[in-house]
């Protein structure tokens with residue numbers, strides 16, 4: 001690429017939180033017109049913090065930002081919009097009961113008040129220009145995740161953004177939706193827009209970006225032209241040392257039925273069917289991967305097995321070693337946990353559900369270790385020791401085990417959650433989004449921990465977002481679509497496309513055991 005002057009320059013940007021945490025350390029970075037720049041880095045490397053300074057959420061402690069050659073001060077998101085910078089966050093900021101058009105013009109001061117009809121026409125123009133599909137009059141609560149994301153992108157384009165920042169945009173998309181999004185981004189690039197995409201997925205970086213900039217521990221390390229770099233080189237630069245990029249899939253040893261689910265139906269409080277007559281079996285010594293677009297009943301399924309979710313009909317049986325069955329429905333979560341069913345749910349709201357933010361690491365361990373078992377963290381030592389062990393094994397980045405959990409980055413919080421559940425020596429490990437937002441190194445550590453559980457004869461049910469990983473890790477894959485089982489397939493022979501089509505019910509015949 002033959003670059004003229006950059007449209008955005010970051011010079012010597014530093015951002016600190018408190019005394020000890022330096023999120024960005026003297027970062028300098030340029031972005032050029034009509035390019036897609038991938039921002040790559042492990043968790044806690046400062047990617048999102050850096051972008052939040054461009055979008056007006058944080059203000060740098062040191063350094064300068066230039067837009068089109070002019071020194072600017074971005075004090076709030078409005079300043080960012082006025083400079084043509086728009087950020088699409090991981091968690092959408094849309095009002096559910098309003099239509100797409102109403103959300104897009106919300107908060108804009110237009111001449112002559114809010115004219116929804118005129119806005120709808122302009123939205124349709126933007127959509128046609130870049131290849132989006134949005135019905136301006138559709139309510140947000142009727143939309144799929146990818147449609148909501150599209151509304152967020154159209155919203156920043158509607159407000160005149162020339163530089164778009166997307167934070168992990170494909171975390172919630174199927175392979176087919178990702179392809180659609182990338183086609184749109186390429187159209188924007190062709191129109192002269194500049195795009196920064198924060199992602200963890202190396203194959204996507206290689207597919208979509210022109211250039212890759214790498215951050216490590218808050219510092220800018222280097223950048224590459226994408227066409228001249230391999231996934232392995234990117235990983236090594238990100239982590240700082242060579243990393244092997246393959247997930248083991250040991251053969252199951254003597255798998256036996258452990259959880260038998262028949263005809264499970266679950267409704268939400270407002271009467272919506274979340275799971276509809278779902279039946280399957282999970283075996284000891286196997287990893288059963290669960291694939292599906294977010295919100296297709298994965299969460300309810302795991303919570304039902306753990307005793308946290310009311311069930312309308314059906315049965316969840318725990319099969320003992322001697323073949324006798326115990327019904328889990330009707331038992332309370334503590335009784336189920338004592339049978340060895342451990343739920344490591346990394347929820348969207350990590351602190352809301354899994355950990356107590358004001359408590360330190362060792363106190364959070366204690367929330368679990370009231371029933372100590374033998375696990376990979378074998379010794380029955382105090383929660384303090386357990387915390388130290390989790391910190392060491394999973395390389396949790398924390399000043400000490402006395403640090404309150406809310407002061408850790410999301411990825412580190414997650415390691416504490418997963419480490420704690422695995423340390424409870426389960427016979428069934430239910431894990432959802434165990435590596436959500438985690439960097440490559442930590443993710444592989446967790447895959448390894450999960451595989452160790454499998455080898456120890458634990459029945460693992462793994463709900464994941466990254467299909468590539470599900471296909472590499474799972475022995476069997478159960479695909480959920482609209483709360484129903486659209487198939488159970490062999491993880492060793494399944495293809496990404498096949499699973500993607502089953503997730504949207506375009507392919508996928510009947511479930512075959």
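The values are calculated or read from the model by the stated rules, or taken from the named source; none is laboratory data. It should be emphasised that the depicted structure is a prediction, and the values quoted were computed from it without experimental measurement. Using ideal geometry, Cβ is built from the backbone for each residue, glycine included, and neighbour counts are taken over all protein chains shown.
Does residue 84 satisfy being surrounded by fewer than 19 Cβ atoms within 10 Å (Cβ to Cβ) and either under 28 Å from the mean Cα position of the chain (by Cα) or assigned by TED's automatic domain parsing to the domain that holds residue 194 (or both)? It is false that residue 84 is surrounded by fewer than 19 Cβ atoms within 10 Å (Cβ to Cβ) and either under 28 Å from the mean Cα position of the chain (by Cα) or assigned by TED's automatic domain parsing to the domain that holds residue 194 (or both). Restricting attention to segment 10-25, the residues that are more than 27 Å from the chain's Cα centre (by Cα) and modelled with pLDDT under 95 add up to 1. Out of 429, 355, one residue alone is at negative phi and at pLDDT 65 or above. It is 429. When segment 39-72 is filtered for residues that are in contact with a helix residue (DSSP H, G or I) (Cβ under 8 Å, 6 or more places away or on another chain), in contact (Cβ under 8 Å) with a residue 12 or more places away in the chain and farther than 30 Å from residue 443 by Cβ, the ones remaining, listed by number, are 56, 59, 65.
Residue 246 meets the conditions (1) outside the structural domain of residue 128 (by TED's automatic domain parsing); (2) crowded, with 17+ Cβ neighbours inside 10 Å in every case but one. The failed one is (2).
When residue 456 is tested against (1) out of contact with any helix residue (DSSP H, G or I) (no Cβ under 9 Å at 6 or more places or on another chain); (2) at pLDDT 85 or above; (3) within 21 Å of residue 328 (Cβ to Cβ), only condition (3) is not met.
With the condition kept exactly as written, say whether any residue in segment 159-179 is part of a helix (DSSP H, G or I), buried (at least 19 other Cβ atoms within 10 Å of the Cβ), within 22 Å of the chain's Cα centre (by Cα) and assigned by TED's automatic domain parsing to the domain that holds residue 200. Among the residues of segment 159-179, at least one is part of a helix (DSSP H, G or I), buried (at least 19 other Cβ atoms within 10 Å of the Cβ), within 22 Å of the chain's Cα centre (by Cα) and assigned by TED's automatic domain parsing to the domain that holds residue 200, which makes the answer yes.
Checking 184, 151, 205 one by one, the residue that is assigned to a helix (DSSP H, G or I) and either under 29 Å from residue 15 (Cα atoms) or in the same structural domain as residue 496 (by TED's automatic domain parsing) (or both) is 205 and no other.
Checked against the criterion of being within 17 Å of the chain's Cα centre (by Cα) and either surrounded by 21 or more Cβ atoms within 10 Å (Cβ to Cβ) or under 24 Å from residue 240 (Cβ atoms) (or both), the candidates 153, 197, 221 yield just one match: 197. Checked against the criterion of being surrounded by fewer than 21 Cβ atoms within 10 Å (Cβ to Cβ), at pLDDT below 90 and closer than 25 Å to residue 203 by Cα, the candidates 466, 512, 490 yield just one match: 466. A single member of 371, 350, 420, 380 is modelled with pLDDT under 70, outside the structural domain of residue 299 (by TED's automatic domain parsing) and surrounded by 22 or more Cβ atoms within 10 Å (Cβ to Cβ), and it is 350. Filtered by the rule that a residue be part of a strand (DSSP E or B) and either farther than 21 Å from residue 10 by Cα or touching a residue at least 24 places away in the same chain (Cβ under 8 Å) (or both), segment 224-245 gives a lone residue, 225.
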